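Down below is the structure, laid out as structure tokens.
The values are calculated or read from the model by the stated rules, or taken from the named source; none is laboratory data. A quick note: this is a predicted structure, and the numbers were derived from the prediction, not measured. Here the Cβ is made from the backbone with ideal geometry for all residues, glycine too, and neighbour counts use every protein chain on show.
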Amino acid sequence: MSQPPQPSLLFSPLQLRGITVRNRVVISPMCQYSADDGFANDWHLVHAGKFAQGGAGIVFLEATAVLAEGRITHGDLGLWRDEQVPALSRIVDFVRSQGAAPAIQLGHAGRKSSMSRPWEGNGPLTPELVAAGSIPWETIAPSAEPIGPGWMTPRAMEEADFKRVRDAFGAAARRAVGAGFDIAEIHAAHGYLLHSFLSPLSNRRDDRYGGDREGRMRFPLEVARIVRQAWPADKPVFFRCSSVDNDAAGWSIEDSVVLARRLVELGVDVVYCSSGGIAGSATAAATAPRGLGFQVPFAERIRREAGIATMAVGLIIDPAQAEAVLADGKADLVAVAREALYDPNWALHAAAALGADETYARWPKQYGWWLTRRESVLRDLGVRPPLQ
Ligand SMILES: Cc1cc2nc3c(=O)[nH]c(=O)nc-3n(C[C@H](O)[C@H](O)[C@H](O)COP(=O)(O)O)c2cc1C
């Protein structure tokens, strides 16, 4: 006798502190490089809004700079001023109205600040871009070492910088609370400021913010503490790390497990397990060719050894693949980025594929009613509705 299908884990709700997310599909943060002086606009509303309509459980906004100097490009979102809050509130309200949990990623790009947008070269600002008004600015990092030849050399952070950046993370988190976000994520991956403190490839300091692993973790942990303090106790904080540097002399998975244990003590709820990016362009982590689900083993190991919920990401393209990540106990949440760009309704289509929505019940009511009728018309015509 065949067994009835198991209910989908991907489409079961998840409780994170006082927040219940409707399913475990997460739209990963994706920079749009389309903000005006850090202010969100209609592009960001539609970008996030369509994923919320598309059935995801959590919709992340992109890396949002806690200081103007911490932007990757002139087009990054920011939360360094109170005036930037209302445009984000509008997005938060719409995402929530569609049943998804609105989330924000807070970051500082460190030595990967002051560069051009991907479609403008994805590198240092060129003389042509400068002439057109994209003026470079001073960047900061643990050590005065550029990402690579031809890139700007950052200024090594001094005592006053630590307080300024730490306080900026706290202030941006408080602004994000005001905007109404359910989840705050600290961006400590992909070679940006906090990752560059963790990695011995970029942190050459010999003071208390460098040296051994304890010293290199100090500043990212201070930031985690200040964000956790600023964030409401009934709302979760995520922490995104590059689980490995992909370099034998760099940050390792063993280091990430130790870091994750410290994050548990600080009240961080989820570690979001990415990898790479300590050298090369800002988007290197997203473009290097690798196998399907290549970062899932990091999420599995951190979850098992640090006893913290994890989120897996990276070339997870197929609903059954995503379901298996959860069913095999490798992560608690699954994130998609480029798949969602390709198909903003990825979550709704995945729910259908996994037998978790056979009646379009998860679709916005404005669409579902029509789609049930479309389906019966197509069935009468002997046509199998695509993607259902
Ligand atoms: C357009 C684009 C922008 C991205 N911006 C960010 C970002 O703001 N913050 C971040 O942590 N990762 C960023 N990433 C990386 C993604 O979040 C994700 O980790 C990566 O694309 C791998 O997932 P995928 O294979 O599902 O695309 C970006 C990726 C893309 C495609």
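Return the only residue of Ala35, Ala109 being within 13 Å of the ligand (Cβ to nearest atom), farther than 22 Å from Ala279 by Cβ and not β-branched (Val, Ile, Thr). Let's see the steps before the verdict.
Numbers: Ala109 fails: farther than 22 Å from Ala279 by Cβ.
When all the criteria are applied, what remains is Ala35.
Confirm whether Glu214 is more than 16 Å from the ligand (Cβ to nearest atom) and not in a loop (DSSP other than H, G, I, E, B).
Considered against the rule, which asks whether it is more than 16 Å from the ligand (Cβ to nearest atom) and not in a loop (DSSP other than H, G, I, E, B), Glu214 comes out as yes.
Could you pull out the residue among Ala101, Ala40, Ala35 that is surrounded by 21 or more Cβ atoms within 10 Å (Cβ to Cβ), modelled with pLDDT of 95 or more and within 29 Å of Ala144 (Cα to Cα)?
Answer to the check: Ala35.
Select from the range 185-197 the residues that are part of a helix (DSSP H, G or I) and under 17 Å from Ile226 (Cβ atoms) and list them in ascending order.
Result: Leu193, Leu194, Phe197.
Please determine whether any residue of the range 224-234 is surrounded by 24 or more Cβ atoms within 10 Å (Cβ to Cβ), assigned to a strand (DSSP E or B) and at pLDDT 95 or above.
no
Return yes or no: is Ser242 of a type in the set (Ser, Thr, Tyr) and without any contact (Cβ under 8 Å) to a residue 40 or more places away in the chain?
no
Give me a count of the residues in the range 293-319 that are in contact with a strand residue (DSSP E or B) (Cβ under 7 Å, 6 or more places away or on another chain), within 15 Å of the ligand (Cβ to nearest atom) and assigned to a helix (DSSP H, G or I).
Residues meeting the conditions: 3.
Would you mind telling me which numbered condition in (1) at negative phi; (2) surrounded by fewer than 13 Cβ atoms within 10 Å (Cβ to Cβ); (3) not β-branched (Val, Ile, Thr) Gly329 fails?
Gly329 satisfies every listed condition except (1).
Could you tell me which residue of the range 350-366 is surrounded by the most Cβ atoms within 10 Å (Cβ to Cβ), considering only residues that are free of Cβ contacts under 8 Å to residues at least 60 places away in the same chain and either of a type in the set (S, T, N, Q) or not in a loop (DSSP other than H, G, I, E, B) (or both)?
My answer is Ala352.
Would you pick out the residues in the range 320-349 that are part of a helix (DSSP H, G or I), hydrophobic (A, V, I, L, M, F, W, C) and within 10 Å of the ligand (Cβ to nearest atom)?
Ala340, Leu341, Trp346
For the range 116-131, state whether one or more residues are part of a helix (DSSP H, G or I), within 27 Å of Phe238 (Cα to Cα) and of a type outside the set (Phe, Trp, Tyr).
yes
Does the range 295-313 contain at least one residue that is under 26 Å from Arg204 (Cβ atoms) and buried (at least 16 other Cβ atoms within 10 Å of the Cβ)?
yes
Just one of Val377, Val336 is without any contact (Cβ under 8 Å) to a residue 12 or more places away in the chain and either within 23 Å of Ser275 (Cβ to Cβ) or out of contact with any helix residue (DSSP H, G or I) (no Cβ under 9 Å at 6 or more places or on another chain) (or both); which is it?
Every option except Val377 fails the conditions.
Please report, ordered by residue number, the strands (runs of 3 or more DSSP E) entirely within the range 1-107 with at least 3 residues that are small (Gly, Ala, Ser). Show your work before the answer.
Numbers: elements: 14-16, 19-21, 25-27, 58-65, 101-107.
It comes to 101-107.
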